[in-house]
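See below for the structure under consideration.
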Amino acid sequence: MLREVTPLNFKTCRPARKSKLTPAMKAKRLNWAKQWRDKDVDFWRSVCFSDESTFEILQNKAQFVRRRRLTVLFRL
């Protein structure tokens, strides 16, 4: 594929990485954990977590490559 893309004047680059959790989000989670750390097992057995958040248990190892023309600048 690289052979076909090179004459088209495309630059190959990986997308910028960003942290999934901001420092503020990490601090908020840590404070929550400290607040509830002294509860016993019986308490936690009665808790039902029902938020609608999604999360990844295993990180996706797939790498994505974006191809842009050299005249196109990186935009956020």
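The values are calculated or read from the model by the stated rules, or taken from the named source; none is laboratory data. Since this is a predicted model, take the numbers as computed values, not measurements.
Against the numbered list (1) among the acidic types (Asp, Glu); (2) within 24 Å of the chain's Cα centre (by Cα); (3) at pLDDT 80 or above, Glu52 comes up short only at (3).
For the stretch 11-45, a residue qualifies if it is modelled with pLDDT under 90 and outside any helix (DSSP H, G or I), and the qualifying residues are Lys11, Thr12, Cys13, Arg14, Pro15, Ala16, Arg17, Lys18, Ser19, Lys20, Leu21, Thr22.
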